[in-house]
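Below: the structure, in structure tokens.
No lab work stands behind these numbers, since they all come straight from the coordinates. The model shown is predicted, which means the values in this text are computed figures rather than measured ones. Here the Cβ positions follow ideal geometry from the backbone for every residue, glycine too, while neighbour counts run over all protein chains shown.
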Amino acid sequence: MKNLCTALLGMLFTGLSVAAQQPQVITDYQVVPKPLKVELTNKGKGFLLKEGTKVTYPSKNENMKRNAEFLATYIKEQTGITLQPIAGKVQNGAINLTLSKDVAQAEGYTLNIEDKRINIAGSTEAGVFYGIQTLRKAIADTHTGSILLSNVKIEDAPRFHYRGMHLDVSRHFFGVEDVKTYIDILAMHNVNRFHWHLTDDQGWRIEIKKYPKLTTVGSMRKETLIGKYGSGVYDGKPHGGFFTQEQAKEIVDYAAKRYITIIPEIDLPGHMQAALASYPELGCLDKPYEVRTTWDISDDVLCAGNPQVLEFIDNVLAEIVEIFPSEYIHIGGDECPKIRWERCPKCQAKIKELGLKSDNAHTKEERLQSYLISTTEQMLAKRGRKLIGWSEILEGGLAPNATLMSWLGESGGIQAARMGHDVIMSPNNELYFDHYQSQDTDNEPLGIGGFTPIEEVYFYEPVPTALTAEEEKYIIGVQANMWTEYIATFSHVQYMLLPRLAALAEVQWTPRNTKDFSGFLARMPRILNLYNKYGWSFSGHIYDVKAEVKPGKEEGTVAVSVTTMPGAKVYYSLNGSTPFRGSEDTYEYTGPFTIQKGARVLRMYAEYPDKTTRVVGYHLPFKM
Ligand code: ACM
Ligand code: ZN
């Protein structure tokens, strides 16, 4: 009896609490990356998403079934509502996932919300997946029982078909679960290529069965530098880890289900000290090597004159293509010092045999590198794969079919595009996410240097104006890179990635003429709310006050206008004091204003409903 009473009371309270909760109303579909076309139809009352809503998908299509399950999982995580995936025809009262020839672009989709149903259609399953991402991002983290979605028609498709993000797991090792989380984060930002930097001087991270010492020896360094490069101080702790081929295949599959192709990088002929530690005969010097314990570039590289080295590369690639189905394999090619080759009898004999000569354009050692990269390209071509390399594969002449990843600025990319080679733009100034996000570096975790705030990422335009319309077609996409010399924990990786990845997503996805930074800031709160929901670290600098400080109309004055995330009140001082609300030296910002001659320092901060930012300062450009 007691139990029955409790059960009845429980039902009563549950009923009351549901009745008391109004559905959350979603009226705004401005997500990141910004969709091509969002048209609120302003008709009808909207679609009520509630417990048990069905998600239909075409029968016998495993990818679409998985898409339906992804949607159900996201909605459960973000709202607590349980959706019900079922195979079968489009129906009323449901979210219907379909494939449609009416959607032109391969990764495009339409998302139509009406009173009776939601339809997400793509020409491919990937397109449907991006439609699902848009829907979940519009809803964000909303635990209100049910959700009323206003009627809308969305048409969307990406600008670039190569939308990449990179992760270095050599300098610091991140394991299977971290890499899967990284892939989840990329999927939320419509990224479709994951460039996985698997080998470097400081650790070899992928099992190669023919060369077991690459992982028994090469995956472990005896210790790691503490602090800045050159500190001379080491931690005395071994650091290592690697992926078995089974684990790597599991990750490839995990990514593929999220429409992300993994492009593995085996960095050669430089960045190979971990391989030399494992197989010293592959180097130019007759000496033992150790897995590198500090950063920067090693002079010790693969010996280009040793036939065993070509055999090694061929054998490693033979296993790599079995693990990674990607059409592209990245072979590095960056930062290979030539000092060993210049003095190595085997390398010099090879140069002679090939008849390589130095001239104004290239040294004979650079031509030797080009020979090695072209030979590597043939090894991939015979297996039906294509080569990507960093800017330096231009040294000594570009391999015939290579795709260039332009990291030393854009000049290499421009050069390659003019020669009719595909190019992925990934310039270090704008798209290296190991750079600091704030100039106040004392309050940041130790980093490699640089300064790449989110605005700089956002305003990066991957198609250089120097190219003709014909040449532009060779810019197939854009990627940012996450080097981890100074990033030892996965939460630090996330902090460097987010929210800059959101800015990158709009560079990759959104046409250049519809991007706008203040709109982007307005679109950000929902995705930041999802970062919080999933427990992903992110940098809060996006909340800081950003002031534009220009000469005013009158000689000697300064005009100030301010941008923030939505919902901020901004306070400032002009006499160098720390501004705080209520202080007599502090003013509230109410709109663009002019500062008269005399003040030298503008200091500002913002208050949001749930946080107060740090103070940012500007030295005013008055003539004294
Ligand atoms: C690179 O940053 N060395 C490609
Ligand atoms: Zn050599």
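For the stretch 195-321, restrict the atom set to alpha-carbon positions and state the Rg and Dmax in Å.
15.2, 47
Can you list the HN-Hα couplings for the stretch 480-489, worked out from phi with the Karplus curve (6.51, -1.76, 1.60; θ = phi - 60°), rounded to whole Hz and with x for Gly and Pro?
For the stretch 480-489, the Karplus curve yields 10, 10, 10, 8, 10, 3, 9, 10, 9, 10 Hz.
What residues qualify as long-range amide H neighbours of residue 146, i.e. H under 5 Å apart, gap of 5 or more or another chain, H built at 1.01 Å from N?
Here the answer is 24, since their amide H atoms fall under 5 Å of that of residue 146.
Find how much the distance from residue 620 to residue 472 grows on full extension, using 0.36 nm per residue of separation minus their present alpha carbon separation; answer in nm with one decimal.
My answer for the length gained is 49.2 nm.
How large is the direction-averaged shadow of the alpha-carbon convex hull of the stretch 94-138, in nm²?
Taking the Cα atoms of the stretch 94-138, their convex hull projects to 2.9 nm² on average.
List the aspartates and glutamates whose alpha-carbon lies under 16 Å from that of residue 597, not counting same-chain residues fewer than 8 positions away?
Filter leaves 554, 555.
Over 32 Å between Cα atoms, which of 50/101; 180/222; 249/338; 237/382; 54/473 qualify?
From 50/101; 180/222; 249/338; 237/382; 54/473, over 32 Å: 249/338; 237/382; 54/473.
Restricting things to alpha carbons, tell me how big the stretch 309-405 is in terms of Rg and Dmax, in Å.
Gyration radius and largest Cα-Cα distance of the stretch 309-405: 13.7, 42 Å.
With θ set to phi - 60°, apply the Karplus curve 6.51 cos²θ - 1.76 cosθ + 1.60 along the stretch 562-568 and write out the HN-Hα couplings as whole Hz, x wherever there is a Gly or Pro.
Running phi through 6.51 cos²θ - 1.76 cosθ + 1.60 with θ = phi - 60° gives 10, 10, 9, 5, x, x, 9 Hz.
Return, ordered by residue number, the residues of the stretch 549-589 whose backbone nitrogen is under 15 Å from a label point located 7 Å along Cα→Cβ of residue 612.
Taking a point 7 Å out along Cα→Cβ of residue 612, the residues of the stretch 549-589 whose backbone N falls under 15 Å are 569-573, 578-588.
Taking other Cβ within 10 Å of each residue's Cβ, how do 354, 528, 408 sort, fewest first?
In order of increasing Cβ crowding within 10 Å: 354, 408, 528.
Determine, for 376, 590, 293, the number of other Cβ atoms within 10 Å of each Cβ, and report the residues in order from fewest to most.
Fewest-to-most ranking of 376, 590, 293: 590, 293, 376.
Taking the stretch 38-80, how much of its Cα-Cα pair set, in percent, is spaced more than 12 angstrom apart?
That fraction is 70 percent.
Could you estimate the translational diffusion coefficient of the stretch 376-489 from the Stokes-Einstein equation, with Rh from the Kirkwood formula over C-alpha pairs, at 25 °C and 0.890 mPa s, in whole µm²/s?
For the chosen part, D equals 159 µm²/s.
Using only C-alpha positions, report the orientation-averaged shadow area of the convex hull of the stretch 129-195, nm², one decimal.
6.5 nm²
Quick one: which residues, 5+ away or cross-chain, put their amide H under 5 Å from the amide H of residue 156? H built at 1.01 Å from N.
Placed amide hydrogens put 109 under 5 Å from residue 156.
Test of understanding: ordering 143, 239 by Cβ neighbours within 10 Å, fewest first, what list do you get?
143, 239
If I model a spin label as a point 7 Å beyond the Cα along the Cα-Cβ vector, how far apart are those points for residue 39 and residue 401 in nm?
4.3 nm
Given a Förster distance of 22 angstrom, what is the FRET efficiency for residue 575 paired with residue 429, based on the Cβ-Cβ distance and rounded to 0.05?
Step by step, r from the Cβ atoms, then E = 0.05.
Grab the beta carbon distance between residue 532 and residue 237, set R0 = 22 Å, and tell me the FRET efficiency rounded to 0.05.
The pair residue 532/residue 237 has a calculated efficiency of 0.10.
Greater than 29 Å separation of Cα atoms is the criterion. Which listed pairs, 34/569; 209/357; 37/76, meet it?
Correct reply: 209/357.
Can you give the extra length, in nm with one decimal, that the chain gains between residue 584 and residue 461 once fully stretched, where that is 0.36 nm per residue apart less the Cα-Cα distance?
39.9 nm
Taking θ = phi - 60°, what integer Hz values does the Karplus form 6.51 cos²θ - 1.76 cosθ + 1.60 yield along the stretch 537-546, in sequence order, with x for Gly and Pro?
Per residue, the Karplus-derived 3J(HN,Hα) values read 5, 8, 7, x, 4, 4, 7, 4, 6, 10 Hz.
What percent of all Cα-Cα pairs in the chain falls into each 20 Å bin, going from 0 up to the bin containing the maximum distance?
With a bin width of 20 Å, the distribution comes to 17, 45, 30, 7, 0.
Can you tell me the length gained on complete extension of the stretch residue 555 to residue 82, counting 0.36 nm per residue apart and subtracting the Cα distance?
163.9 nm
Pull up the DSSP beta bridges for the stretch 93-133 and report the antiparallel fraction as a percent, rounded to 5.
Counting DSSP beta bridges with both partners in the stretch 93-133, the antiparallel share is about 50 percent.
Counting alpha carbon pairs within less than 8 Å and at least 6 residues apart, what relative contact order, in whole percent, applies to the chain?
Normalised by residue count, the contact order of the chain is 11 percent.
If R0 is 22 Å, what FRET efficiency do you get for residue 346 and residue 297 from their C-beta distance, rounded to 0.05?
Rounded to the nearest 0.05, the efficiency is 0.50.
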